[in-house]
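Working notes, beginning with the structure itself.
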Amino acid sequence: MIELHRIMPRDLVHGLEVRLRGAGVGSARAEAEWLVADTLGGRRTDLYLWDEPMSPAQFAQLEERLARRLSGEPLQYVLGSVEFLGHRLAVNPSVLIPRPETETLAAQAITALRSMASSGREPLRVLDVGTGSGNLAISLAHAVGPCVITALELSWEALQTARANVLAHHLDDRVHLIQSDWTNGVGGSFHLIVSNPPYVPTEELARLPDGVRWEPRESLDGGPDGMQFHRRLLTDVERLLAPGGMLLMECAESQTGGLRVSAARLPWVVDAAVARDLAGRPRIVGVRRRDS
């Protein structure tokens with residue numbers, strides 16, 4: 001009888017792929033490779049060069065992880081981490097899983113901050129509203145040296161995840177975490193305000209893919225039309241945004257046009273524009289405050 005844990009890791013991949021595909025996982029091969037490689041503590045690129053079998057403990061962990069994934073739990077939660085703009089971050093069901101679309105928001109924010117830094121506005125003060133895992137705050141702090149970030153989060157559990165990520169990246173001197181109900185109780189003046197607010201209309205939550213339903217509802221539910229938090233931001237940032245400062249918000253493709261028009265009508269706004277993600281879809285609304 002073959003002892004399964006003595007099978008070489010690369011040979012386990014096919015069996016996992018078959019089981020995942022049978023459960024309806026579209027990217028079954030890649031996920032099988034992730035599960036095996038991460039359980040070994042290595043990378044997918046090294047998997048087929050691995051010349052040692054799994055230990056019994058590793059095989060037991062792999063089986064436990066596979067069972068969780070087959071139950072519908074997102075791979076990122078099963079692995080306990082995700083990569084965002086090249087930075088490894090811990091994730092769990094207390095936080096929204098950072099997605100590639102949000103990398104466009106981060107890239108827009110980095111570009112804006114670098115432009116501000118080149119014009120001599122230092123130190124730059126950034127407000128991250130609804131930080132979740134801390135993915136935006138950490139990415140901006142890594143990319144732009146002369147900036148200090150205040151990151152707000154209502155959920156205490158999510159805040160602890162963000163804190164662990166900030167500490168892991170040695171950024172606790174520049175990323176300051178605050179438990180806050182949106183921007184309530186926060187004062188000061190910020191050169192950049194960035195947010196990935198909840199933007200799924202409430203009635204659409206029940207139609208989301210099964211995997212998304214593992215994520216915290218409060219990070220998804222944007223109210224009746226999905227834009228209640230965007231409107232709150234447009235109201236709140238007038239007292240928080242420095243002259244010439246910028247607000248960047250992620251939203252659904254269908255929401256960008258209406259939000260841009262609403263922002264452009266505000267008396268303190270000098271410019272409101274829409275940016276597209278890597279797939280060419282409009283996803284980011286950028287709003288700039290007048291210089292005076």
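Computed from the coordinates by the stated procedures, all read-outs in this text should not be read as laboratory data. A quick note: this is a predicted structure, and the numbers were derived from the prediction, not measured. FYI the Cβ positions are ideal-geometry reconstructions off the backbone, even for glycines, and counts take in every protein chain you see.
Where Lys and Arg each count +1 and Asp and Glu each count -1, what net charge lies around HIS176 among other residues with Cβ under 12 Å from its Cβ? Net local charge, HIS176 excluded: -1. For region 158-228, a crude dipole built from +1 on the beta carbon of Lys and Arg and -1 on the beta carbon of Asp and Glu, taken about the Cα centre, is about 200 debye to the nearest 20. With the charge dipole of the chain set up from +1 on Lys and Arg Cβ and -1 on Asp and Glu Cβ about the Cα centre, the Cα lying farthest toward the positive end among the listed residues ALA206, PRO74, LEU240 is that of LEU240.
What does the charge count around SER189 come to, taking other residues whose C-beta lies under 12 Å from its C-beta (Lys +1, Arg +1, Asp -1, Glu -1)? Don't skip to the end; give the middle numbers.
On the way: positive: ARG121, ARG125, ARG239, ARG289; negative: GLU238.
Every neighbour counted, the sum reads +3.
Loop-located trypsin sites (Lys or Arg not before Pro) in region 166-230 (DSSP state not H, G, I, E or B) with no more than 14 neighbouring Cβ atoms inside 10 Å do not occur.
Taking Cα centre as origin and charging only the Cβ of basic (Lys, Arg, +1) and acidic (Asp, Glu, -1) residues, the dipole magnitude of the chain rounds to 780 debye.
Translational diffusion of the chain, estimated by Stokes-Einstein from the Kirkwood radius over alpha carbon pairs at 37 °C in a medium of 0.692 mPa s, is 160 µm² per second. Net charge of the neighbourhood of ASP291, taken over other residues with C-beta under 12 Å away and scored Lys/Arg +1, Asp/Glu -1, is +3.
Taking N as the number of residues in region 240-292, what is its Cα Rg relative to 2.2 N^0.38 Å?
Details: Rg = 11.2 Å, N = 53, 2.2 N^0.38 = 9.9 Å.
Normalised Cα radius of gyration, region 240-292: 1.13.
Which of the chymotrypsin sites (Phe, Trp or Tyr not before Pro) found in region 162-212 are loop residues per DSSP with 11 or fewer other Cβ atoms within 10 Å of their Cβ? Don't jump to the answer; show the numbers that get you there.
Numbers: sites: TRP182, PHE190, TYR199; in loops: TRP182, TYR199.
When the chymotrypsin sites (Phe, Trp or Tyr not before Pro) of region 162-212 are filtered for loop state and at most 11 Cβ neighbours within 10 Å, nothing remains.
What you get for region 135-292, charging only the Cβ of Lys and Arg (+1) and of Asp and Glu (-1), is a dipole of about 520 debye around the Cα centre.
Given region 4-71, what whole percent of its Cα pairs are spread farther than 14 Å? Spell out each step's value before the answer.
On the way: 1182 of 2278 pairs.
Tail fraction, whole percent: 52.
Over region 11-130, what per residue volume does the convex hull of the Cα atoms give, in whole Å³? Write out the running numbers ahead of the final one.
Details: hull volume 17.0 nm³, N = 120.
For region 11-130, the hull spanned by Cα atoms encloses 142 Å³ per residue.
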